[in-house]
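Take a look at the structure below.
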Amino acid sequence: MKDKISVIIPCLNEEAALAEQLRAIQEHQSGGIGEIIVADGGSSDNTLGVAESFGAKIVNCRKAGRAIQMNAGAYRAENGILYFLHADTIPPANFDSSIVSSIKNGVVSGCFTLKFDWQHPALNFYAWFTKRKS
């Protein structure tokens, strides 16, 4: 499915954040998600149980490491568009239609802007800086 998105989430003991994220992915998407992949680095909590309860595909990685887990998830992805998320990241509303539209317009890679849940001068600077760096 070339126009569908594989959401890939590298995880290690993310039980606390993962349920909120997966719920938000379901609520904020508009039909463009083909699959959600949780690439687990050996969690000892209930990360896998949470992922399974939302219907996510589980990829058990040999060892923990963000790049290892992202690559393992990408290798198992069945869709033409890959969207990588940290386990504590909430995507914006209709994120999937924005991604698909951008791809159809020739964009080959991209990112959404960053916003933190709580305000702190250092975090505000970091969010501002990442907009300039991207």
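The values are calculated or read from the model by the stated rules, or taken from the named source; none is laboratory data. Model, not experiment: these values are computed from the prediction. Note that we place each Cβ from the backbone using ideal geometry, even for glycine, and neighbour counts take in every protein chain shown.
Every listed requirement among (1) modelled with pLDDT of 85 or more; (2) part of a loop (DSSP other than H, G, I, E, B); (3) farther than 20 Å from residue 24 by Cβ; (4) not aliphatic (A, V, I, L, M) is met by residue 109 save one, (1). Regarding the stretch 7-25, can at least one residue be identified that is polar (S, T, N, Q), surrounded by fewer than 17 Cβ atoms within 10 Å (Cβ to Cβ) and out of contact with any Leu (no Cβ under 8 Å at 6 or more places or on another chain)? No; the residues of the stretch 7-25 include none that is polar (S, T, N, Q), surrounded by fewer than 17 Cβ atoms within 10 Å (Cβ to Cβ) and out of contact with any Leu (no Cβ under 8 Å at 6 or more places or on another chain).
Output the number of residues of the stretch 8-40 satisfying the condition of being free of Cβ contacts under 8 Å to residues at least 60 places away in the same chain and in contact with a Lys or Arg (Cβ under 6 Å, 6 or more places away or on another chain). Selection size over the stretch 8-40: 3. Of the residues making up the stretch 41-83, those that are charged (D, E, K, R) and free of Cβ contacts under 8 Å to residues at least 12 places away in the same chain are 52, 62. Of the residues that make up the stretch 65-74, is at least one in contact with a Phe, Trp or Tyr (Cβ under 7 Å, 6 or more places away or on another chain), surrounded by 14 or more Cβ atoms within 10 Å (Cβ to Cβ) and among the hydrophobic types (A, V, I, L, M, F, W, C)? Among the residues of the stretch 65-74, at least one is in contact with a Phe, Trp or Tyr (Cβ under 7 Å, 6 or more places away or on another chain), surrounded by 14 or more Cβ atoms within 10 Å (Cβ to Cβ) and among the hydrophobic types (A, V, I, L, M, F, W, C), which makes the answer yes. Taking the stretch 23-106 and the strands (runs of 3 or more DSSP E) fully enclosed by it, the elements with 2 or more residues that are within 14 Å of the chain's Cα centre (by Cα) and aromatic (Phe, Trp, Tyr) are at 81-84. Could we say that residue 20 is not small (Gly, Ala, Ser) and not in a helix (DSSP H, G or I) here? No, not satisfied.
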